[in-house]
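What follows is one structure encoded as structure tokens, with my remarks underneath.
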């Protein structure tokens, strides 16, 4: 056994050779991992690009869809309200077709009386002053407004 053979079988030499072999294996596995990683990274980048493209492509149509659904819901609600209003107006029209209801409303709103009846309008003085101040001509009976107009036109002629 020569010096070379002794060195070859010495513990230090074996450890050094084992370390070099391990380093070589680690280097090879890192290279393979990096190759695998770069391949996965490329795939991941492509997948991310495709997903972003799909999101961008679908964002506007989805926004339009959602806004149109909201608009449809608003229009349906307005249509339902309009139908209810039409029904109310039909009911009111039917009531006005009844002569008794029409007479009652005319007597109440316009202060009409039948021949031989005496009509009275009772006004609370405090409420009358307040309603005249708040409502003006709208808070008074129609005939009072007519006479005020006659008085004003008569006063302007003189």
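Data table
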{"quantity": "Residue match in region 113-120 (condition: surrounded by 10 or more Cβ atoms within 10 Å (Cβ to Cβ), touching a residue at least 24 places away in the same chain (Cβ under 8 Å) and either over 30 Å from residue 144 (Cβ atoms) or touching a helix residue (DSSP H, G or I) at 6+ places or on another chain (Cβ under 9 Å) (or both))", "calculated": "no"}
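One line per residue, one yes/no per condition, for (1) loosely packed, with under 10 Cβ neighbours inside 10 Å; (2) touching a residue at least 12 places away in the same chain (Cβ under 8 Å); (3) under 27 Å from the mean Cα position of the chain (by Cα); (4) within 30 Å of residue 109 (Cα to Cα):
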residue: 53; (1), (2), (3), (4): no, no, no, no
residue: 59; (1), (2), (3), (4): no, no, yes, no
residue: 63; (1), (2), (3), (4): no, no, yes, no
residue: 77; (1), (2), (3), (4): no, no, yes, no
residue: 90; (1), (2), (3), (4): no, no, no, yes
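Any read-out appearing in this document is the output of simple, stated calculations on the displayed coordinates, not a laboratory observation. As the structure is a prediction and not an experimental result, all values here were calculated from the model. Because the Cβ atoms are built from the backbone with ideal geometry, glycine has one as well, and the counts that use them run over all protein chains shown.
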